Amino acid sequence: MRFNYRYYGASTVDNTASSTEMRFAPDTLRPPTHFVAELNKHIPFREAISALHDVVVADQRYHAPDKTAYKAWLAGNEEANLADFMARRSSLRLQLPPLLDEMKAIQAQKSGLMKPFYAARSKYYSYLYESNRDLWIALDPVITVHPDRVFFECFSQDESSYASLSCSHNVFDRVGDFACGTTNIDYSEALYGEFQKIRDYKRTRLAIAPDGFNVRTADDPEFIEQKIDVPDTWVRGFLQVSSAMTMPAHRIDLHPMDIHNFCQQMRRKKERVGPRSIRFVLRPGEPVRVIFEPWNEELVCRRSIYQGNTAEEIRLWGRRRLLLLERLIPVADSFTVHLMGTGLPSFWIANLPDMQLTLGLSGWTANDWSRAGQFDLLAPRAEVDDDSKAAVFAALGKRWFASADQLAADTGLSRMVVESALALYTQAGRVIFDLTQRVYRLRELARDPLPMDALRFSSAAEAQASAMLAAGALSGPKEEALPGGGLRLTGTVKENRKTLAVMLRLDVDLRITDGSCQCNHFSQNRLRQGPCAHMLALRMAQARKAQA
Amino acid sequence: MKLIRTTRLQRAQKNDTVHCEIDLCQAAGSTDRYLVNLRQGRRGTQWRETTRTPQPVDLSTAETLFALALAERSAQGFSDPAEPTAATPAAVPAPPAPPPLSKLRRDADAAILARLEPARWKALGQHLRSRTAWRIGERRLRAAVPVLVDQIERGDAMQDYCIAWALGRCGDAGAAVAMHELHKRGRNDAIQRMALQAWLMLADETARKVHADALIAAWPAWLQELWHGGLEDGLVQLTAADPRWSALPMPLWLEQLDQVALAYPLARRALLAQLAWLPVQPGLFRAQRHLYKAAEMRGDADLFGLLHHRFETSHGAANQSSGCHVNGRWVPFAKEVVKPNATVAYSVRTRAYLLRRSWRTLRHLAVAGDPDYIDLAMGMLKAMSDDSAGKSAQRGGRYYDPYSHWLLFNRMLRANGAWTATRSGLSWYQATPIAPQDKREEAFPELWDARPDALLSLMQTSRCEGVHVFAAKALRANAAWCAQLPLAQLRTLLRSPYLPTARFAFELCRARFAPGAPDADWLMLLLQTALPDAHQYVLECISQDPAAYCADALLVAAIACSPEENVRRHGRLLCQCALTLPGQPGAIVLQLLDWLDNCGDLDDAETRVPAIAADLLWLLNHPLRAAAADAPFAHLLHLLEHRLSSVRVLAADWLLLHAQPASAIPAHILAALLQSSDGALRAAGVRLFSSLPDHLLAGQAQLIYAFATNTDAGVRAAVDPVMRRLAPTDPDFRAALLPLLLDALFRGESAEGVHADVIGWLSGPFMDAPELGEPALAVRLLSARSKGANQMGARLLPRHASTDFSVTDWAAFGRNPVATVRQWAFAAYGANPDQVRAHMEAALRIFDSRFDDSIAFAEGYFQAHCSSADWTPLLLVALCDHLEPSVQRFGRAMISTHVSLADVTDFMFKLGQHPSANMQLFVSAWLESACAGDAAKLQKLESYFLSVLSQVNKGRATKVRVQTFLHEQALLSEDIGAIVARIFARQVVTVAIADKAQYIEGLRAIQDRYPNLADVMTIHPPRTLAPARSAP
């Protein structure tokens, strides 16, 4: 998906020894939004916005080295080189040792001679790397100004972490005239540097400047156009995480030192085998217990008593993302955690003075096919007619933020309908559920409505699998625990008068590791292009059963 | 206008033919005024028209000019196709007479004839009888005719078929009636067809015509009309485009056309033209097969060769041994293929059979020593064309060349070479990389030796390089015959686009000219060959006597325009020599113009002409300068419309040399050049534009600016002279252009080199402009994002004194990416320490630099020049707050040096907020002196303590220091104890064992010391567990 922005100038920072003035350039293509104020909670704000930055640049995916050029060379030369080598192997073996010795000496000499050059070259490359650091940021953060709060939202590069910093107006002094709305701001690495300089003895002024909206001519050279190509999966991830916020969750309150202890656990040990999950053991009235696998080390959060009614055990993956909260430990009063269920997104809210930073973690770090079909967070949860939807949206538009009850009163619709309509808007990225205030807020993620049809499923196979499940084509799904942990799923799928036997194997982290199907797609591609629709249908059925 | 005389000439090139027409005509409206016009071009393209008479001239002059033009074109390799060439057989030495039949052959013939004796014949089986009849036909044994006629319809169908074939070939007209009868009542189609062919061969001219006319009479009316029109083109084109064509029953029509062709040559040409492209496929193949067999029987070399070549270059259908699908049903192949409208034909096997059959026919002739072999082989070889040849390849250790998959080619021409055939004989390869061989490789070389005229004919007509290689090798072996070849014949061979033939002819020529030097005419001819040896020879001749050869303008022009670079280099020498001859440079220039006119016809003109044009420009610029200035102006303008852009560029550059001023060029031509999409041409246009008078150019600042910032480097270079000429002298021009050029620097560089060029002009011809002396401009340039602007600013900066700028500017310069600017800033700092000290905050901004040299300079500078009085706490803290760790280090060092103890507390509070671990460590060292024993101060530092103690798995030293400090402080007073207890109570739940112990220890001490302090810690007494088993 392509996002187009037009900023009037770049975001600038005017920094002196005694004051800092930050002017954010908002996207002028959006409805005018502006906000000017001075900061009064300097240090917590600094730490929170730094954590937000860490989320923006976070990328915990595995990046394999690029070997295409070498492979291409090898394809062209391997045969000839090998033949040549085989032909002269015995004589070459004798020649090799003295040559190697000689080469060693020459290379040592060479590396001595070239050392200054290599050092200078690497310095030059790091200069280039640093000067293009803005390219590290996938998509500029979104700022939302509401009558009671200001929000900063962002999503990580690896499509797995969401963060939202919600500041009450109490965080600011001398709030001037402001216009509510949502906009993107021009964000850069330099800006992050300036955030680090926030101190409470320095006057710090934040301004989302309204300049650009007053300029009439569109070809003013000050305008900076940005066209950012964002993968569909990225947008999909963002929507999935925000959609998950509206789901019912288990809530626990943690002491900052509990988070410290989690981080400590992960900083001191590196897992080399799976499962790489955190297991929350929740028993009513007892302290929350957290087990780190595969070491099975248990941390007891003695100051956090679980208030729920039923005992639960919830597993989460991608736990290293919790290190993003590290900076907030000294400034946070407490942390509130919302757990949706095993493998589902979780939300970690750091409660700072008059501020909340919400870290949303998707159920996985790597967004590859091994996780495909696990959850369908963008599935419509209830049918709502278009008029009701429009009425709810208009009512929310008047208030900017409201609870479902308030909107039900405003529109005269039932609470159920209002909630369903709001869930649909949340999935479409137009409304967000504020976990901390328990209200829905108007927040248009993009200037133009997002193409929900294209975003609903990550692949054609997934759409097909969903249709198969809906049509009841899957029969006799069976689950069987494997000796080393993990699951083996079997079932049959009926398609075009044919019955296909399908098998899937999940590892201890519930990732698809292997499978088979009698369909044409599988016999041609095996798992090279990911699982086929039949396998996905089986996986979805299992996931739904587990969630139920 | 009345046409008096016209000559149509042609020049064959490898891929095409170039046509030229020269007209001599009377000018309209006057009796004694005449014109000579030329038209030249390729078929299907626009021909170029030129004239040799800008003004009408009298008849005798016109005749001379006509003859000159004709001679020129002849020298350039054109010839009149209608004129009988020297290649007529009469001019060629007669080949040696064919040897009489050998005894072996005579014995073999007698043995075959002996089989016809009644007793022997009776004893022969049916198969042998048919075979005997066939062999008689092959050997054309006329003595057997009466017996064969007698045997008609006395054996099986095959015997009749073979007898018809034999009688046709034997050529005894007496058997014609018998054949006519057999044609009518033959037992099957095959016999009837063969009998008809035999009859046609035996019948006289009149009978054939009657038969043809009868066939024609049955044709559709429109076809008859076309036929009677007698236009060969019409008949041939009919096959290409006319929709009525597809309505004809094609196989029948082809066979009829073949029969008609025996009486009318027109039909034969039409037939050959059609067969050359008709695909070999079901529906047509049957007729093609019949024609192939008829041609074989008649010994019709052209038709036989053509059809064989069509078979060889058409893929056979996949092998359908058992059956095939027809309309969705599986039908046995044998059943389907015999149907009149069969959908299958010409399988891979059929193709292989036919290819082998052709070779068998030829081989039988050759083995029998039959001279017909050569004629038939000629037909085969002439049909071969490089257009349908394959490609060289290497697969599995086998090396193939373009002819490797032509069975007949390899059998005939490579039988004695180092070639290996695959089992099927369809592909021939070598096991090592293919290298040209000197020895002859063809089969039956003695037969070829007997027919050198045939080899010569192949050299003249073949379109296949492999055939030329063979012919040249074979003919070279016949030295005596070659020595007699007339020069005119060699001339045509030299012009051959095929190197082997050209080389053969050159070797012969070389031998003829051995002692003396050839005349210019021959050199021209040798130049036109593609032989490097021939060119070398020409160059040697010329270097021996350049003065003599330079008198021939045509030769000089041909050398100057040669595609070979080393040949062109000699053109320079010749042009220098030509300067001594009056009028000769002018003549050469005219020839060059003529060459440029027509160079678009050359093969690969797009790639070859640019290099030639570049050399021509050198000639025009140096030896031919004077003549180039007087060249016909209109002709040059005409060249600007040439097809090739390199010629247009040359023409534009030539116009620059011309005596006529640039202002004489029509505005629309100049405009078209300037708007051209080709960069080189646009640059040439700009060069022309730049040569306009200064007063015209001065008013075109916008246009010049557009050229100066063009993405094409050539265009920018072309406008350079204008800049250098006008800018220093014309203040208005300078004033108009300067802001535009500066603006270009501020914008992103549209192509590499634009900024460098603009900077070159600004610091060259524009350097004296007063606007460039403004300090504000330098600041703007240096603070711009564009690299070009920075570079320009760097050039302007040394013109200013440091006092022209503020300290803020110096600091900005100290951060500039251009090293010289930073150096300048360092000098400014060094020269004005007082000013720096007065504006410390601005001056310290130099630390924001991303360059090590700036930081190193700044550290040294501030250390040396600033005293404690200059360092206010605000500045020191700002330095420590810097993002760069090295600057923070420097800041800490400055604090340690310059801060008095009185200020320490303030520093603690400020630096305590720093997020970096190093700064936290730094602060921890000052805790004791800054806030020991003061509860209020400790309270203020609580967030610092929390952030230090909350570090995850790092900052051990700081943590220990803080823990110890707090522990000690807690014991000083109850207020402090309460603060520390709060901090410790928050941290005590850590899983870090060492920390946890410290906190518990601290809390216990606090509780011991201040028992009244509430909620410090609750100690649960350990639960006593009942022993699992009671003691005995």
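Listed values, structure above:
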item	result
In nm, spacing of pseudo-spin labels at residue B:629 and residue B:903 (7 Å Cα→C-beta vector)	8.1
Net lengthening on full extension, residue B:21/residue B:188 (0.36 nm per residue, minus Cα-Cα)	54.5 nm
Residues whose placed amide H lies under 5 Å from that of residue B:51, excluding near-sequence neighbours	B:38
Computed [θ] at 222 nm, deg cm²/dmol, chain B (DSSP H ≥ 4; -39,500 (n - 2.57); rounded to nearest 500)	-18000 deg cm²/dmol
Shape of segment B:609-659, Cα gyration tensor, a/c cut at 1.5	oblate
Percent accessible area from carbon and sulfur atoms, segment B:91-234, protein chains only, probe 1.4 Å	59
Label-point separation in nm, residue A:232 to residue B:852, each point 7 Å along Cα→Cβ	4.9
Of B:925, B:965, B:994, farthest towards positive along the dipole that unit charges on Lys, Arg, Asp, Glu beta carbons give segment B:921-995	B:994
Gain upon complete extension [residue B:339, residue B:884; 0.36 nm per residue less C-alpha separation]	186.9 nm
Stokes-Einstein D (µm²/s) once Rh is taken as the Kirkwood radius of chain A over alpha-carbon pairs, at 25 °C in 0.890 mPa s	92
Once the Cα gyration tensor of chain B is diagonalised, semi-axes √(5λ) in Å	96, 52, 26
Segment A:1-108: chymotrypsin sites (Phe, Trp or Tyr not before Pro) falling in loop per DSSP and having at most 12 other Cβ within 10 Å	A:62
Helical mean residue ellipticity (222 nm; -39500 (n - 2.57) per DSSP H run of 4+; nearest 500) of chain A	-11000 deg cm²/dmol
Cut-off under 5 Å, modelled amide H: who pairs with residue A:286 long-range	A:306
FRET efficiency for residue A:297 and residue B:675, using Cβ-Cβ distance with R0 set to 56 Å, rounded to 0.05	0.15
Label-reachable residues, segment A:446-479, where backbone N falls under 20 Å from a point 7 Å from residue A:525's Cα toward its Cβ	A:454-469
Cα centroid separation - segment B:831-857 against segment A:16-60, whole Å	29
Residue-normalised accessible area of chain B, expressed per residue, 1.4 Å probe, Å²	46
Farthest positive-ward along the protein assembly as shown dipole, Cα basis, beta-carbon charges - from A:427, B:655, B:588	A:427
Helix axis angle, B:348-367 relative to chain B longest principal axis, alpha carbon, degrees	50
Paramagnetic reach from residue A:201 in segment B:897-925 [backbone N under 12 Å; point 7 Å along Cα→Cβ]	B:903-914
Hydrodynamic radius of segment B:497-602 per Kirkwood, over alpha carbon pairs, in Å	14.1
Residues of segment B:645-689 with amide N under 15 Å of a point placed 7 Å along Cα→Cβ from residue B:611	none
Carbon and sulfur %, accessible surface of segment A:32-173 computed with the full protein complex present, 1.4 Å	60
Given charges at Cβ of Lys, Arg, Asp, Glu: chain A dipole, positive-most of A:521, A:259, A:31	A:521
Point-to-point label distance, residue A:398-residue A:463, nm (Cα→Cβ direction, 7 Å offset)	3.8
Rounded, prolate or oblate (a/c below 1.5 giving rounded, otherwise prolate when a/b exceeds b/c) for segment B:244-354 by Cα gyration tensor	prolate
Sum of side-chain charges, residue B:866 neighbourhood, beta-carbon under 12 Å (Lys, Arg +1; Asp, Glu -1)	-2
Computed magnitude of the charge dipole of the protein assembly as shown (debye, nearest 20; Cβ of K, R +1, Cβ of D, E -1)	6320
Alpha-carbon centroid distance for the pair segment B:45-71 / segment B:753-797, whole angstrom	60
Global form of segment B:860-964, assessed from the alpha-carbon gyration tensor, a/c cut-off 1.5	oblate
Candidates per trypsin sites (Lys or Arg not before Pro) in segment A:52-114, loop by DSSP, up to 12 other Cβ within 10 Å	A:67, A:88
Rg/Rh (Cα only; Kirkwood hydrodynamic radius) as it applies to the protein assembly as shown	1.11
Euclidean distance between Cα centres, segment A:415-492 to segment B:871-945, Å	52
Angle between chain B longest axis and helix B:452-461 axis [Cα atoms, degrees, rounded to 10]	50
Table column - 3J(HN,Hα) (Hz), segment B:169-182, Karplus curve with 6.51, -1.76, 1.60, x for Gly and Pro	6, 5, x, 8, 4, x, 8, 4, 4, 4, 5, 4, 5, 4
Descending principal axes extents, segment B:726-766, alpha-carbon based, whole Å	29, 15, 11
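The values are calculated or read from the model by the stated rules, or taken from the named source; none is laboratory data. Predicted, not measured: the structure shown is a model, and the values here were computed from it. In this analysis, Cβ positions are derived from the backbone assuming ideal geometry, glycine residues included, and neighbour counts consider all displayed protein chains. Heads up: the accessible areas ignore ligands, DNA and RNA and are worked out on the full protein's heavy atoms, side chains in. Shrake-Rupley method; radii C 1.70, N 1.55, O 1.52, S 1.80 Å.
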